[in-house]
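S.K.: What follows is a structure written as structure tokens; I'll ask about it next.
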Amino acid sequence: MARMLGALLEFEGYRAVLCPATERVLDCIRETRPDVVVMDFHLGRVRAPGLLQALRADPDLRSARVIIVSGDDQEVAARAAGADRFLLKPFAMEELLEAIRELIHSESGRP
């Protein structure tokens, strides 16, 4: 699914970087400095809120804009952890693109 989303984002003109190793996500974000991070709520044994709290605690990464997606309605938990946006799966690609555009063009990324 991540590869498919990455291909679709690249088709739309974005550069997509996939980080399949959960334990390396923060390093990947630090190395690539993405405009927007899209992550699933369930990342194997790790859940996005814990990862996002670590990201927000890091002074170098806390300003990263993050969209969390999930097949479960986890919006409250995602927002509480610091997600800028939440998308419930299945979502239309246009919903994701709109969220990305809004975050890229907003001053702080937060509504």
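S.K.: Consider only pairs whose beta carbons are under 8 Å apart and that are at least six residues apart or on different chains; among these, list those whose first residue lies in segment 78-106 and is farther than 12 Å from ILE68 by Cβ and whose second residue is surrounded by 14 or more Cβ atoms within 10 Å (Cβ to Cβ) and among the aromatic types (Phe, Trp, Tyr).
M.R.: Hits for this filter: ILE100/TYR14.
S.K.: Among the residues of segment 78-91, is there at least one that is among the acidic types (Asp, Glu) and loosely packed, with under 12 Cβ neighbours inside 10 Å?
M.R.: No - not one qualifying residue is present in segment 78-91.
Here, each number is a calculation from the coordinates, and none is a lab measurement. These numbers were taken from a predicted model, which means no experiment stands behind them. Neighbour counts run over all protein chains shown; Cβ positions are idealised from the backbone, glycine included.
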